[in-house]
Amino acid sequence: MSKANYERSARWKAKDSPVPIHKYAFAPDFVFGASTSAYQIEGGVGEETGRGASIWERYFETRPHLDHGAVACDHYNRMEEDVRMMKSMNLKAYRFSISWSRVLPLGKGKVNEQGLEFYSRLVDELLRNGIEPYVTLYHWDLPQALEDEGGWLNRDTAYAFADFAALIAHRLGDRVKYFGTLNEPEVIVAGYIGDGLAPGLSDPNLRVKVAHNLMLAHGLATQALRSINPDFKIGVTLNLVPAEAKDAANPASVNAARRHWLKNYAIYLEAIFKARYPDVVLEEMAATGAVIHPGDMAIISQRIDYLGVNWYLRHVVDENGGIIDMPGAQKTLMGWEIHAPALTRMLVSMNEEYRLPPIFITENGAALDDTFAKGRVRDVGRMAYIHDHLSALESAVAAGVNVAGYFAWSLMDNLEWSLGFKMTFGIVHVDRNTLVRTIKDSGLWFRDMIKFNVRGSRKSGKRR
Ligand code: NOJ
């Protein structure tokens, strides 16, 4: 049988790797996987699929100069091939999201069976290949029909989301154990306050209203899932960008950094783990007319089984609350500083401040300028990035943090939302003309690293 396209890059040899394969000091059941999201990879938006429009179709229709996700990686039509590739990469888990409008074209009411069937087949394929599915219920692609009713500014959307979660749990819950409610509420909020994401609104006064409705949606969906099966493992994924003071000896700088963290990131940790919002958020709620109904905080702060953390960068904040550039910092194409030790510091301090459940790093990765030549992507930078972050996690574990798994972002190069296809985060290259997949050197390194760590034979790699 001829080799699949993605296997052509087999000239890679672990023993020659510029970043040696290392045995990390994680628990034996530590999970190694990769992540994607529906709109970024699926395509399959034509009428024949029965999928309804999401806010991204509307967003790109009104911005025709941008790349969009109508085809993306065509995963909708190449799903089986993609799962075989994941298996060849030794992935033990795959985190993907469900497109709400593929399953419920109008966000509620009539179900698109064909859409549900797609996800059901995906789950079957994963399990058949020994890969645990981690389902994200909301990765930024609200059905346009719900946006037309106010989207996340409308409290009813939170209830519609809980119904959608229940539908998915009824259909997939016989095979799926891990459910994540929301992906990155802070970035969902950005779509309403003007940061270049759908639905493309730009009113800073909407910030905490949207944030609260999202938290309510998380709580209601958690309740709905738990009532269907108390054994589900339910979590939420937060993007956490630690704010470090420019000058730790200057109280003004320390306070400004703390305020930045509480307002943008810890708002969600406080709500979920302490049933409250920080003062800085309550002040903003009062000023912008956001309303917390009696009982909301109890719904929001229910127990969850894991916390998903998406980690990419840190912020360094000066005494005026400004985010500053660190001189000489190494950055990714996104302009994000590469600084893995801040991940350890953040996890250790969160562990002291909150009673956290096990943590999965549900995303971590780097957009780098890859060059594809002679069927191979030699992306040492990405390999080093992943290794450095796994080492940072190892240090956090040594300091008592319960880190249960790591998912690379992303399984494959995909649509980086309004920034298009140029921001390549994948450990697999996707040719934009042919859509052929080629595992990058980082993906082959990841494959061998997983094998070495999961099966643990020290002979097959070097210690670093
Ligand atoms: C986090 C988001 O969940 C994902 O959709 C995005 O592509 C990555 N960050 C990289 O920006």
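The values are calculated or read from the model by the stated rules, or taken from the named source; none is laboratory data. Bear in mind that the values here come from a model prediction, so they are computed numbers and not experimental data. Here the Cβ is made from the backbone with ideal geometry for all residues, glycine too, and neighbour counts use every protein chain on show. Accessible surface areas use protein heavy atoms only, side chains included; no ligands, DNA or RNA. Shrake-Rupley method; radii C 1.70, N 1.55, O 1.52, S 1.80 Å.
General remarks:
- The listed residue being in contact with a Ser or Thr (Cβ under 7 Å, 6 or more places away or on another chain) and open to solvent by 10 Å² or more (accessible area, probe 1.4 Å), out of Gly335, Gly375: Gly375
- Subset of region 225-256 [of a type in the set (A, V, I, L, M), within 19 Å of Val189 (Cβ to Cβ) and either in a strand (DSSP E or B) or at pLDDT below 95 (or both)]: Val236, Leu238, Ala243
- Annotation note: Cβ proximity below 7 Å between a residue of region 67-96 that is more than 18 Å from Val123 (Cα to Cα) and surrounded by 20 or more Cβ atoms within 10 Å (Cβ to Cβ) and a residue that is hydroxyl-bearing (Ser, Thr, Tyr) and modelled with pLDDT of 95 or more (sequence gap 6+ or interchain) occurs for Gly69/Tyr39.
- Filtering Leu122, Leu137, Leu126 for residues that are within 16 Å of the ligand (Cβ to nearest atom) and either touching a strand residue (DSSP E or B) at 6+ places or on another chain (Cβ under 8 Å) or of a type in the set (Lys, Arg) (or both) leaves a single hit, Leu137.
- Matching residues, region 124-161, being under 13 Å from Phe96 (Cα atoms) and surrounded by fewer than 22 Cβ atoms within 10 Å (Cβ to Cβ): Ile131, Glu132
- Only one entry of Tyr312, Tyr306 meets the criterion of being within 26 Å of Ser253 (Cα to Cα) and crowded, with 17+ Cβ neighbours inside 10 Å, and that entry is Tyr312.
- Checked across region 260-268, the condition of being touching a helix residue (DSSP H, G or I) at 6+ places or on another chain (Cβ under 6 Å) and open to solvent by 50 Å² or more (accessible area, probe 1.4 Å) holds for at least one residue.
- Restricting region 395-429 to residues that are away from the ligand (no atom under 14 Å from the Cβ) and closer than 21 Å to Val380 by Cβ, the residue that is surrounded by the most Cβ atoms within 10 Å (Cβ to Cβ): Val428
- Qualifying residue in region 57-64 (condition: surrounded by fewer than 16 Cβ atoms within 10 Å (Cβ to Cβ), in contact with a helix residue (DSSP H, G or I) (Cβ under 9 Å, 6 or more places away or on another chain) and in contact (Cβ under 8 Å) with a residue 40 or more places away in the chain): yes
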